[in-house]
Ligand SMILES: Cc1cc2nc3c(=O)[nH]c(=O)nc-3n(C[C@H](O)[C@H](O)[C@H](O)COP(=O)(O)OP(=O)(O)OC[C@H]3O[C@@H](n4cnc5c(N)ncnc54)[C@H](O)[C@@H]3O)c2cc1C
């Protein structure tokens, strides 16, 4: 394993933001991961983990050792008539896992097709799309504690998965490196097309023709049509989480903004699409000198090639302040800020 000093991370994040790692290595086995942790421990270096860098804002240089996850392997560890238990290593690309499992007759992940990133990052924010989230299938995960290099199993409850959240973003932030996840998948072809945009896209098909492979193709097609490709328009996907507010606040806002889109939740709270707030505040398509709110996607910030993390965070900060002032709602960023400058308050 090669540990490189002063390594550029600009090609390792989908926002293509500049920043350097004091030390950098890619680990492809458990042994290499332990060597990397020993290197950091001996020198008292902080450790950060990187997958594909599709959910970070690189705000400057990173001190210490940056470990890029390269553990590979997918295994069906048990199966019965109804379910299969599958363990996937943290360095597997998520999008490949979805198609590989579909081909093997393990169903459920189709709605999560084409989400960028690696398997090890999926539990960090409980990835979700088209009415499905990782939480629906995660059984457990294995992780290595950074401080002690001890291996620990977490069951689903211990991961604290919630909407774009987990214990690894909260109490255990920066404490563990996830090395594999175990999922429970359907062996019978089952589909979940409750999400409105998916239902509409599949409306022309009779019910018995809507099988998991069609759902996977449809989700992939919608995503290709709708989402900007980071290769040509650097971005980190949705930049803000959809805020959840209490029912009374939602009613008050409805009175002031009768066309505000609102999604009541099972617990009585109400989710407001951040895209609606941003678009209605006039931010969609607004361009700064280095970065912009995407013209077709109010939730996506993009940069023109010369931005620094600070430029993206400044734009995000202006949006947060404006939405707060207009609607009394404080937007939260979805990507993690890594590097010198902190996220906007
Ligand atoms: C175009 C686009 C579309 C997207 N669409 C969606 C979507 O539909 N739904 C969705 O939920 N997300 C979406 N995302 C966000 C992103 O794809 C996911 O969050 C993904 O899981 C990030 O994976 P990554 O490997 O790139 O993680 P990174 O960006 O490299 O890391 C993200 C965070 O996880 C930590 N981390 C990464 N790997 C590990 C590990 N093995 N152990 C411990 N910590 C780790 C990092 O330190 C960092 O804090 C989108 C992003 C883009 C660019």
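Taken together, the values in this text are just the output of simple stated rules run on the coordinates, not laboratory data. Note that the coordinates shown come from a computational prediction; the quantities given were computed from them, not determined experimentally. Positions of Cβ are generated from backbone atoms using ideal geometry, with glycine treated the same way; all protein chains shown enter the neighbour counts.
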Going 7 Å from the Cα of residue 171 toward and past its Cβ, which residues in segment 113-154 have a backbone nitrogen under 16 Å from where you end up?
-> 153-154
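Return 67, 4, 272, 210 ranked ascending by Cβ neighbour count within 10 Å, so the fewest neighbours appear first. Walk me through the numbers before you get to the answer.
On the way: 67 26, 4 12, 272 22, 210 17.
Ranking 67, 4, 272, 210 by Cβ neighbours within 10 Å, fewest first, gives 4, 210, 272, 67.
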For residue 286 and residue 204, calculate 0.36 nm times their separation in residues minus their Cα-Cα distance, and state this gained length in nm to one decimal.
-> 25.9 nm
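So what's the back-of-envelope 222 nm ellipticity for the chain, counting only DSSP H runs of four-plus at -39500 (n - 2.57) apiece and dividing by all residues, rounded to 500?
-7500 deg cm²/dmol
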Computed over the chain, the convex hull of the Cα set has an average projected area, in nm², of 18.0 nm²
Rounded, prolate or oblate: which fits segment 36-138 when a ≥ b ≥ c are the square roots of the eigenvalues of the alpha-carbon gyration tensor, with rounded for a/c under 1.5 and prolate only if a/b beats b/c?
-> prolate
Segment residue 30-residue 265, length gained on full extension (0.36 nm per residue, minus Cα span) | 80.5 nm
Each label point is 7 Å from the Cα along the Cα-to-Cβ direction; what then is the distance between the points at residue 195 and residue 296, in nm?
-> 1.7 nm
Report, largest value first, the span of the C-alpha coordinates of segment 12-60 along each principal axis, in whole Å.
-> 31, 22, 12
Where a label projected 7 Å from the Cα of residue 325 along Cα→Cβ would reach, residues of segment 257-299 with amide N under 14 Å | 281-283
Between residue 149 and residue 100, what is the FRET efficiency for a Förster distance of 30 Å, r being their Cβ-Cβ separation, to the nearest 0.05?
-> 0.50
Quick one: pull the percentage of alpha-carbon pairs in segment 235-338 with a separation above 22 Å.
-> 30 percent
Rounded to the nearest 0.05, FRET efficiency between residue 3 and residue 246 (Cβ-Cβ, R0 35 Å) equals 0.10
What is the distance, in nm, between label points placed 7 Å from the Cα along the Cα-to-Cβ direction at residue 256 and at residue 38?
-> 6.0 nm
With an 8 Å cut-off on Cα pairs and a minimum separation of 6 or more residues, tell me the relative contact order of the chain in percent.
-> 17 percent
Likely footprinting exposure, 69, 1, fewest C-beta neighbours within 10 Å first = 1, 69
Over segment 74-226 - Rg/Rh using Cα atoms and the Kirkwood inverse-distance radius = 0.99
